[in-house]
1. Could you tell me which numbered condition Gly303 fails, if it satisfies all but one of (1) at positive phi; (2) buried (at least 21 other Cβ atoms within 10 Å of the Cβ)?
2. Could you list, in sequence order, the residues of the range 537-563 that are outside any strand (DSSP E or B), out of contact with any Phe, Trp or Tyr (no Cβ under 6 Å at 6 or more places or on another chain) and at pLDDT 85 or above?
3. Restricting to the range 144-166, what's the tally of residues that are buried (at least 24 other Cβ atoms within 10 Å of the Cβ) and not aliphatic (A, V, I, L, M)?
4. Could you check, for the range 397-415, whether at least one of its residues is outside the structural domain of Asp493 (by TED's automatic domain parsing), closer than 30 Å to Val495 by Cα and in a loop (DSSP other than H, G, I, E, B)?
5. Please go through the range 167-180 and give me each residue that is surrounded by 24 or more Cβ atoms within 10 Å (Cβ to Cβ), in a helix (DSSP H, G or I) and either touching a residue at least 60 places away in the same chain (Cβ under 8 Å) or of a type in the set (A, V, I, L, M) (or both), ordered by number.
6. With (1) outside the structural domain of Ile36 (by TED's automatic domain parsing); (2) in a helix (DSSP H, G or I) as the list, and Gln377 as the residue in question, which single condition is left unmet?
7. Between a residue in the range 575-603 that is within 19 Å of Gly673 (Cβ to Cβ) and acidic (Asp, Glu) and any residue that is at pLDDT below 85 and outside any strand (DSSP E or B), which pairs come within a Cβ distance under 9 Å, given they are 6 or more apart or on different chains?
Amino acid sequence: MGWFTTLFLIHLYCVTVGWKLERLAGQEFRQAQTAISAQFIQRDHDFSMAYPTPVLGKPWSIPMEFPLYQWTAVGLSDTTGVPLVQAGRAVTLGCFYLMLAALYLLLGRLGLPPARRLLALGLVLACPLYILYTRAFLIESMALMFALWFLAAFIETMTTRHTGWLVATNLLGIAAATIKVTTFMVYLLPAALWGGMCLWQSRPRLGQSWRPFWSTAGHGILGCALTPLLAGACWVKFSDQVKALNPSADFLNSRSADQFIFGTWTQRLSADFWHTVTSHWRDALQPSFFTAGTIVAWLVFGGRWRGAIAGLLGLFFASQLLFSNLYYLHQYYFYANGVLLILATGVAIGAFFEYAPRFWWMNWIPWLLAVVVGFIQLRDYQRDFLPLQQLTVAGGEHTQLVRLLTDPEDVIIVVGDDWSSIIPYYAGRRALMITTAREGDEAYLTKAFAALKGQRVGALIISRRSLAYHSILDRAERTLGILRGPAFTYSDDFVFYFNEELYDHVATYLRDNAAGAYHQLKLFPPESLTASRLGLKEVAVANLADKSPFAAMTPVPVFNRNLWGITFSTLVDGVNRFNAHAPSELVFRIPPGQHRLHAQYGMMEGAYHRKEPPNSDGVSFAVLVRRPLHADRQLFESFLDPQNVPADRGVHAFNLNFVLPEGAELIFQAGAGHKDDNAFDWAYWGRIDIK
């Protein structure tokens, strides 16, 4: 008992390290998916079975598991006032400890005396996997708890034929099958074997009644198969129907997910598969030489416990062969069956007690082995998993900025991050995650974007690696009001764009924080947003019937962006001046390479010779090199304030040499004055020659 109590206290201490931190340490992708469901269940008070998982656009529901875990976490948080993350961790931890009680009963069914049961359960408490993921925001511990209690209740049902145990078996089986059917299936197999054994034992001998046989069969079918499996099938059908309403969720329905869940025989027979899963055993459960030692002990020292060890090991291996791809991809999936390997080791260690009557010193061997195994497990946990629990940054600077710069009801679109819930969860925003497979699907994008009607898309987050980068950005600018100018990048990969309605808020924040409060972000200057500021209208010059406003320009620009329409007047020397009332842009596309530029610019007399105020507070002129995914590079800048500086009146000119990179545009920009007031900012461009 002292052994178990010591490891129980160590386990309780370890799982509470970093308990109050918001970072979802360990398999963050999957934790964030569960957590964002609970987050929006709590926010929207939506306790329906079609619960929200708002990561694939409208409609926001893509139910995977029956949401009992999420409901419990939200209920605990609402009732106690505990933050949601800590409430979820408490539910996980409580389910784990209740699961140990089921294991204690099941080990008793194998014939282990109490001391050996506690020896084996102590190793479960010391296992790295069952420390890290027993503080996770995951359904795994609840699914395992219900599955093991189902197995224990089923054995009692088949042994006692008591109606109460039959009812309990059905309820526990329904919970296990709907919360996580892959965990339920692991323990349905031994239940079926136990039922088959009971059926064989109740077979009628010659001349005996068939009634006990049919009673056994009835209890087995009703308790083991019919109700839980029927409930699981009904849940899958319901969830498929809900997912079918979402144009982004077709890959998550049960038919599409079959190969992802079960894998292929080619995978099962590959060396890569076994190398990967054995590395999961080594890293998360116990060192490889312990597993090898368990197998040797089974063969050499197992004695009457060979059957129990073989059953535990066989079930451990069988579950991985059944759901091969899931165990190949996800370390945390071993939460469902890793306990079987640990218990097999514990039973094998306990088998040495059988030799104690022969050699007195063998009494110490099992406990010495248990201490060594437990110590090495805890050492591996401290080395590999404990640092994860101590990470303080939750979500990163980029998600903090999205939360800060958008409204709670805004939607974000993320391209190039699969369908990970990490960014949406930490940002606290609903999302449309565009998977790599759908980036170039124009019909899908049209449908998915149209489904967002009535919701403001606050931000577009897009990976530089996306092959559809420009087309999606164009679509978002055209249909969703996304500013084309980038606000910042994260890890030199994801580029963040914001809605035009958020321009003032975003620009002000970037202006105040561009000095470097962030370490993982590259903030673009606020001017990079000006290109598609709210209200600017883009006109393709090639589509204009009258190109005379651009007669003084060689070559002619490809786009004009402004608020006021296209007009021109004439300079004293007869050269056309293009009216560029700030804010405005002229966009030139010329071949890359070395160029020479001559340009004229200025402000009309009426902007500063008005009889009645106000007059213009000045205009900033700039020539920029703009390249996708890069900050604008300034070639020329001038600020004219002719109202207060007489030298700023009249026509001004400049010459410069520059090199234009591949894929870049040359931008002639007129911007409002220092007070961001564009009243009477009657700017113009005169002759422009680019050679």
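1. Evaluating Gly303 over (1) at positive phi; (2) buried (at least 21 other Cβ atoms within 10 Å of the Cβ) leaves (2) as the failure.
2. Listed by number, the residues that qualify are Val541, Phe550, Ala551, Ala552, Pro555, Val558.
3. The qualifying residues number 5.
4. no
5. Within the range 167-180, Leu172, Ala176, Ala177, Thr178, Ile179 meet the criteria.
6. Status for Gln377: all satisfied but (1).
7. Qualifying pairs under 9 Å: Glu585/Thr530; Glu585/Ala531; Glu585/Leu536.
Table: residues versus (1) surrounded by fewer than 22 Cβ atoms within 10 Å (Cβ to Cβ); (2) basic (Lys, Arg); (3) modelled with pLDDT under 95.
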| residue | (1), (2), (3) |
| --- | --- |
| Met64 | yes, no, yes |
| Pro67 | no, no, no |
| Trp71 | yes, no, no |
| Leu76 | yes, no, no |
| Pro83 | yes, no, no |
| Ala87 | no, no, no |
| Thr92 | no, no, no |
| Phe96 | no, no, no |
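The values are calculated or read from the model by the stated rules, or taken from the named source; none is laboratory data. What you see is a predicted model; the values in this text were computed from it and never measured. As a convention, Cβ positions derive from the backbone with ideal geometry for all residues, glycine included, and neighbour counts pool all protein chains shown.
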